[in-house]
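Quick notes on the structure that follows.
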Amino acid sequence: MEPAEDWLVESLRLYQDFHAFDLSEATRVLEWIGDKGVFVAGSESQKKNEILHLELPVRLSAKENQGLFPERDFKVRHGGFSDRPVFALKHVPDTRLLVTSGPPGGSLQVWQVAEDSDVIKAISTIGVQEKEGHLWPKVAIFSSVAPGVLHGARLSGLEVVDLESRKTTYSSGTSDGEELSSLQVLDADTFAFCCVSGRLGLVDTRQKWAPLETRSPGPAPGGERWCAEVRGGGQGPGPCIASLGSEGHLHLLDPRDLCHPVSSVQCPVAMPSPNPELLRVTWAPSLDNCLAISGFDGTVQVYDVTSWGALGSPVEPVFTHQGHIFLDGHEVDAAPRVTTHTWHPRKPRTLLSAASDAALHVWDWVDLRTPC
């Protein structure tokens, strides 16, 4: 059989559930609202890009398998249009507000999801320090009684802006111009940053700029570009920061010692990431010690980090989603590339992934080993 036919046959064993949806344009963002809805947005230049609020198929919202459902597709609940590509989108918890950014990076856009219609409309902008057209601000949200928007394209431009008053409540105050790859709010007062060089830092906004950080990504950094994610609280013991490089190196770090990785492994990627901006590493919110990576090709790889040990050791994924390659009969070397992925907030082995051909997949993978 052809590889695509092999995969289709094998998929009956590999997946508990699988849904495919075609967007009108490729998305680089997948942002949850509750556990039944997700926001997507177009990322193309020189055109209007849709921002959509999609509701997942009913089958994926059911607490248990209740047989066939009449509605097996995504539903569009709300929509709007952005004049700029959307490279980052964050929902402000407990509100109907969204914050987006994308090149050119002169501002952030604030949107409101209408309560009495199906419209997502732009309501305001937030200015940023950096005016470099090729950079765009990374964004994270401080969720509190008075939500704040953490944003910056470089360390020197990092600041928190109160969403209601638009006053700056925190700024890095540093002249350090290192470029950022990701930002993540950890609690009401702290956040993490990762620079494209692999430099990691943890920042307490109650103090002046004095991050707990490392300036080195660890062994064999080469010319790699990096991204990182911190595991949420209560997700099991052990190292909780995962740092992924564009050549497939993956480091696990303890926040108490960012200079010495607990594990440093080589993931089996066929080639370096052709677009490091699409690199993504995510911890499973409902599985201890499992994470997923994408941004190298048309796959999403899932790993169990429990047994990772020696520095520099090779590892193998416990599952690889190849649906973006084979579902539509693509040749492997001409397959679309995965642009982003995310874990379902509550279903342990359910992920969403999007690709450059505008395909959106929801898949629940079967662990053929012992459970993670």
Per the list (1) in contact with an Asp or Glu (Cβ under 9 Å, 6 or more places away or on another chain); (2) crowded, with 22+ Cβ neighbours inside 10 Å; (3) aliphatic (A, V, I, L, M), residue check on ALA270 breaks on (2)
Exactly one of these conditions fails for ALA140: (1) part of a loop (DSSP other than H, G, I, E, B); (2) in contact with a strand residue (DSSP E or B) (Cβ under 8 Å, 6 or more places away or on another chain); (3) not basic (Lys, Arg). Give me its number. (1)
Go through the residues of the range 207-224 one by one and say whether even a single one is at negative phi, aromatic (Phe, Trp, Tyr), touching a residue at least 12 places away in the same chain (Cβ under 8 Å) and part of a loop (DSSP other than H, G, I, E, B). yes
Return the total of residues in the range 161-189 being under 19 Å from the mean Cα position of the chain (by Cα) and either part of a strand (DSSP E or B) or buried (at least 16 other Cβ atoms within 10 Å of the Cβ) (or both). 8
Checked the range 263-307 for anything touching a residue at least 40 places away in the same chain (Cβ under 8 Å), among the aliphatic types (A, V, I, L, M) and in a loop (DSSP other than H, G, I, E, B); matches are LEU279, ALA284, LEU287, VAL305
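Each reported figure results from applying straightforward, stated rules to the coordinates on display, with no laboratory input. Since this is a predicted model, take the numbers as computed values, not measurements. All Cβ positions, even for glycine, are placed from backbone atoms using ideal geometry, and neighbour counts span all protein chains on display.
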